[in-house]
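The values are calculated or read from the model by the stated rules, or taken from the named source; none is laboratory data. Only a predicted model underlies this, so the values are computations on that prediction, with no experimental measurement involved. Here the Cβ positions follow ideal geometry from the backbone for every residue, glycine too, while neighbour counts run over all protein chains shown.
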Amino acid sequence: MNDINDLISKLEDDLTPVKPMVSPVLRSVIWFFSGLFSVLFVASIAGFRMDLHQKLMETVFVGELVFILILSASAIYSSAWLSIPEGAGKKHVLYVPYIILFIALCILGNDFLSHGISLDNFVFHTCIIDAILMGMVPVLLMIWMMKQGAPTAPIMGATMNMIAAGGIGYMGLRLTCGSDDVGHMCVYHILPFIFVGLLLGLIARRLYHW
Amino acid sequence: MLQVPEDEWKNLAIASQQGDKAAYSKLLKSILPFIQKSLIPKLANPEWADDITQEVLISIHKSLKTYAPDRAFLPWLNAIIHYRKTDYLRKYYARKGNASVPVEEQINLKSDVTTPEDMSEYKNIERALLTFPKKQQMVFKMIKIEGYSAKEVAEKMDMSETAVKVSAHRTMEKLRENLN
């Protein structure tokens with residue numbers, strides 16, 4: 001007990017005024033636009049797809065982009081909550097990205113079954129480099145945002161980070177890559193993010209330890 | 001259900017964020033019993049409670065900025081307590097796993113209750129234990145020497161599990177004090 005009293009005295013001496021962190025909503029908005037800006041910046045350097053103007057007239061294509069942006073925004077919002085201690089208790093916030101992701105995977109699965117894939121061999125496609133470039137800044141921003149706080153559910157936090165960054169990166173790749181083949185999208189647009197997500201998940205506890 | 005002055009804690013936390021040291025000290029001292037009461041029933045060994053309490057206090061200090069005045073204080077505090085408890089137990093059991101030795105090697109571990117070299121010390125403990133009330137002696141012997149779980153002792157002694165853990169913890173503390 002004496003140790004605890006000594007510790008309280010030390011902590012009291014060590015106290016300096018702190019500014020409370022801004023609300024998760026505001027942090028989500030800041031991150032969302034920073035991530036979006038960085039992806040559009042990389043996309044503009046990599047070059048937009050030739051038929052982008054035409055594709056933006058297609059309801060399905062625009063709907064896909066909007067859907068992915070909603071997925072990303074919901075995961076960003078969850079990440080912002082997960083960066084504060086009590087965030088893991090906000091179950092209703094955390095379920096939303098999983099539900100949207102599940103719907104997205106169902107749509108992708110349906111495309112897979114109805115159109116099939118025309119992917120023969122795995123080659124090191126430029127889309128992988130684009131995916132890395134587009135995902136890197138959003139992932140780093142996410143990690144920084146999480147580390148600013150005090151996350152108590154690091155693995156769930158890392159999962160949300162990757163859904164958020166992966167979603168926004170995927171959207172960027174849809175703007176630069178001319179292929180609409182579902183196999184190509186799965187292997188070159190989604191797989192790199194899953195791979196980075198798994199790595200992040202493995203180191204999440206250490207990375208987000210505070 | 002434990003009644004807690006959440007509004008008072010909330011106000012103290014807000015004052016602490018502004019650098020009010022007196023409010024901070026009052027806050028930490030005020031939440032201390034709550035932290036310990038939250039931890040002890042959930043731990044196999046009540047002795048860990050002090051270590052985890054210290055880690056919780058340090059964590060509160062580190063993460064004070066993550067508390068927002070427009071949110072409730074208790075969920076924030078409970079999340080930190082739960083996180084530190086889980087973290088402590090994960091590390092503890094990881095260490096325990098590393099220290100495991102095959103039975104056939106017959107090496108005396110530090111965690112063994114008795115080893116041939118410690119027999120005289122064991123007798124001293126038994127002698128010191130005789131100074132405690134009968135019920136306290138029985139609880140201590142069953143849980144610390146005979147290896148019963150707190151739940152089993154609670155059933156046998158017709159006590160609550162928490163009361164058993166607290167009794168064993170207090171006996172251990174007192175024994176340590178007496179033997180030192």
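The residue of the range A:8-44 that is nearest to the chain's Cα centre (by Cα), among those that are small (Gly, Ala, Ser) and in a helix (DSSP H, G or I), is A:35. Restricting attention to the range A:118-133, does a residue exist that is surrounded by fewer than 14 Cβ atoms within 10 Å (Cβ to Cβ) and either at positive phi or among the acidic types (Asp, Glu) (or both)? Yes: one or more hits.
Out of A:63, A:87, A:47, one residue alone is touching a residue at least 12 places away in the same chain (Cβ under 8 Å) and under 21 Å from the mean Cα position of the chain (by Cα). It is A:87. Take the conditions surrounded by fewer than 16 Cβ atoms within 10 Å (Cβ to Cβ), of a type in the set (S, T, N, Q) and within 14 Å of chain B (Cβ to nearest Cβ) and apply them to residue A:23. Does it pass? Considered against the rule, which asks whether it is surrounded by fewer than 16 Cβ atoms within 10 Å (Cβ to Cβ), of a type in the set (S, T, N, Q) and within 14 Å of chain B (Cβ to nearest Cβ), residue A:23 comes out as yes.
The condition of being buried (at least 20 other Cβ atoms within 10 Å of the Cβ), closer than 17 Å to residue A:173 by Cα and either modelled with pLDDT under 90 or in contact with a Leu (Cβ under 9 Å, 6 or more places away or on another chain) (or both) holds for only one of A:39, A:62, that being A:39. So, residue B:159, is that one in a loop (DSSP other than H, G, I, E, B) and surrounded by 14 or more Cβ atoms within 10 Å (Cβ to Cβ) or not? In short, yes. For residue B:168, the requirement of being surrounded by 13 or more Cβ atoms within 10 Å (Cβ to Cβ), touching a residue at least 40 places away in the same chain (Cβ under 8 Å), among the small types (Gly, Ala, Ser) and under 20 Å from residue B:41 (Cα atoms) is met. Close Cβ contacts (under 7 Å, 6 or more residues apart or on different chains) running from residues in the range A:180-208 that are part of a loop (DSSP other than H, G, I, E, B) to residues that are surrounded by fewer than 16 Cβ atoms within 10 Å (Cβ to Cβ) comprise A:181/A:117; A:181/A:118; A:208/A:147.
The set of residues from the range B:103-144 being among the hydrophobic types (A, V, I, L, M, F, W, C), part of a helix (DSSP H, G or I) and modelled with pLDDT of 80 or more comprises B:125, B:128, B:129, B:138, B:139, B:140, B:142, B:143. Could you check, for the range A:151-160, whether at least one of its residues is assigned to a helix (DSSP H, G or I), among the aliphatic types (A, V, I, L, M) and closer than 30 Å to residue A:48 by Cα? Yes, there is a match, as at least one residue in the range A:151-160 is assigned to a helix (DSSP H, G or I), among the aliphatic types (A, V, I, L, M) and closer than 30 Å to residue A:48 by Cα.
Would a scan of the range A:6-22 turn up a residue that is touching a residue at least 12 places away in the same chain (Cβ under 8 Å) and over 21 Å from residue A:130 (Cβ atoms)? Checked against the condition, which is being touching a residue at least 12 places away in the same chain (Cβ under 8 Å) and over 21 Å from residue A:130 (Cβ atoms), the range A:6-22 yields at least one hit. Residues in the range B:37-74 that are more than 14 Å from residue B:13 (Cα to Cα) and of a type outside the set (S, T, N, Q): 17 in all.
Only a single item in (1) out of contact with any Lys or Arg (no Cβ under 9 Å at 6 or more places or on another chain); (2) within 14 Å of chain B (Cβ to nearest Cβ) is not met by residue A:63, and it is number (2).
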